[in-house]
């Protein structure tokens, strides 16, 4: 968590906020904080405060967005169109809703717009889903064109802003019906997600609800965590551009450095049209688990989309859909404080680690 | 099974790709190697290996791949 977000969380607990539906002082303070947090999220995505609903994670928000539109539009049909590289939460929600149509992407991870237009214009489409930017490789989708196709077809669009919020300006975004996000992606608590449901959209709660959050998500919201999430988002909106410019230079340096120093490395994603903080690459003949553990031992905490490293039978569906190498995969997420010296240190330790792992399997 | 068939069923990636890289030089340029591999990563990784190493993926099913050596 960002220091400002952690401080906000602690202060909220010390203030002793109560149930936001109660009229006592502690309840009123909580309700006020909740309203402020809604206003912050709403301003960031170009929506109204009363359209914002908080959930316990981004995964919950994605499930609710897709299932709620499928329920609200069940007379139209049960088909849900996504891209092949959407988050697994979106893919599983689409499959659960009925017929899932996954539109392919190019080598950079960008959706095939022609296929997208055809798919959303077909009969019986309840909803379409698209990311502003991909969570594994950072590639930015042609959001405006894809949204226009949905508008023409009269199909509501779920826009997953998780990896983009705070990095891409969405304050005047239009064309979507439901937007989803996750505070863990911008330095807030991992326990806060949100969906923003535009007024007039045919969305119905696909689960039992109560009086909380205007009957769009049940149970008392965790106001302290939501307040911390809004504080983190404000920090990103304030510093995001400057941080992003610095991260962009660092990732450019990483892309070039890996290409020069590591033979047979597949550096993945769009080199230019991307969110600034992510870099993904795969090294041939290396297993992702060993690579992740060796890098961790050298002091670098990285993620991997290789099957062996995530205890999964299947490798990353994002890498597979892009035609990228799935084994030996490493995903770097730069933080607000990542320095140039850390990037150079990474570029120094990586080549000998890859060489050593290749030597172990006789591929030196 | 011919000499140009590699049975890597039951092996986890990247093992099948390592075997493929080792054995591609056993055939002449222009000839083919058949790879049998049932790891879910074998499909995308065989295609990616061909692209990165400059060989041709002639055929690809869920567990059987034919690669032509191009250099």
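Any read-out appearing in this document is the output of simple, stated calculations on the displayed coordinates, not a laboratory observation. Quick caveat, the model's predicted, so the values are computed rather than measured. Positions of Cβ are backbone-derived with ideal geometry, glycine not excepted, and every protein chain shown enters the neighbour counts.
222 nm [θ] for the protein assembly as shown, helices only, -39500 (n - 2.57) per DSSP H run of 4+, per residue, to 500?
Working: 12 runs with 176 residues, N = 435.
Helix-only estimate at 222 nm: -13000 deg cm²/dmol.
Write down, largest first, the equivalent ellipsoid semi-axes of region A:261-351 in whole Å, where each equals the square root of 5 times an eigenvalue of the alpha-carbon gyration tensor. Walk me through the numbers on the way to the answer.
Details: eigenvalues 79, 52, 31 Å².
Equivalent ellipsoid of region A:261-351: 20, 16, 13 Å, largest first.
To check you understand DSSP bridge types, tell me what percent of the beta bridges within the protein assembly as shown (both residues inside) are antiparallel, rounded to 5.
Numbers: 31 of 50 bridges.
So the antiparallel bridges amount to about 60 percent of the total.
Kindly rank A:25-34, A:164-173 from highest to lowest mean number of other beta carbons found within 10 Å of each residue. Intermediate values should be presented prior to the final figure.
On the way: A:25-34: 17.1, A:164-173: 19.7.
Result, highest mean first: A:164-173, A:25-34.
Translational D (Stokes-Einstein, µm²/s) of region A:140-238 at 37 °C and 0.692 mPa s when Rh comes from the Kirkwood sum over C-alpha pairs?
It diffuses with D of about 220 µm²/s by this estimate.
Report the percentage of all Cα-Cα pairs in region A:168-322 whose separation exceeds 21 Å, rounded to a whole percent. Could the numbers behind the result be given before it?
On the way: 7564 of 11935 pairs.
Of all Cα-Cα pairs in region A:168-322, 63 percent lie more than 21 Å apart.
Using a Gaussian network model on chain A with a 10 Å cutoff between Cα atoms, which of A:60, A:327, A:24 fluctuates the most?
A:24
Please work out, to two decimal places, the log10 of the ratio I(q)/I(0) at q = 0.15, 0.27 Å⁻¹ from a Debye calculation in which every Cα of region A:38-111 carries one identical scatterer.
-0.63, -1.10
For residue A:207 and residue A:298, calculate 0.36 nm times their separation in residues minus their Cα-Cα distance, and state this gained length in nm to one decimal.
Values: separation 91, 0.36 × 91 = 32.76 nm, distance 4.59 nm.
Extra length from residue A:207 to residue A:298 when fully extended: 28.2 nm.
List the extent of the Cα atoms of the protein assembly as shown along each of their three principal axes, largest first, rounded to whole Å.
81, 53, 34
Please list, short to long, the whole-number percent of alpha-carbon pairs of chain B in consecutive 10 angstrom bins beginning at zero.
23, 62, 15
How well do other chains shield peptide A:279-288, expressed as the mean number of their Cβ atoms within 10 Å of each residue Cβ?
Working: counts 0, 0, 0, 4, 1, 9, 7, 2, 5, 3.
Counting other chains' Cβ atoms within 10 Å and averaging over A:279-288 gives 3.
What's the average, rounded to a whole number, of partner chain beta-carbon atoms within 10 Å of each residue's beta-carbon in A:357-363?
Numbers: counts 1, 2, 0, 0, 4, 3, 5.
Other-chain Cβ atoms within 10 Å of each residue's Cβ, averaged: 2.
How many percent of DSSP beta bridges within chain B run antiparallel, rounded to 5? Intermediate results must be reported in sequence, preceding the final value.
Working: 9 of 12 bridges.
Around 75 percent of the beta bridges assigned by DSSP in chain B are antiparallel ones.
Neighbouring Cβ atoms within 10 Å as the yardstick, rank A:346, A:54 fewest first.
On the way: A:346 22, A:54 27.
Fewest-to-most Cβ neighbours within 10 Å comes out as A:346, A:54.
Once each part is reduced to its C-alpha centroid, what is the distance from region A:299-364 to region A:67-116 in angstrom?
Value for the Cα centre distance between the two parts: 29 Å.
Which residue, A:321, A:301, A:232, tops the fluctuation ranking in a GNM of chain A built on C-alpha contacts under 10 Å?
Comparing A:321, A:301, A:232 in the GNM, the peak value goes to A:301.
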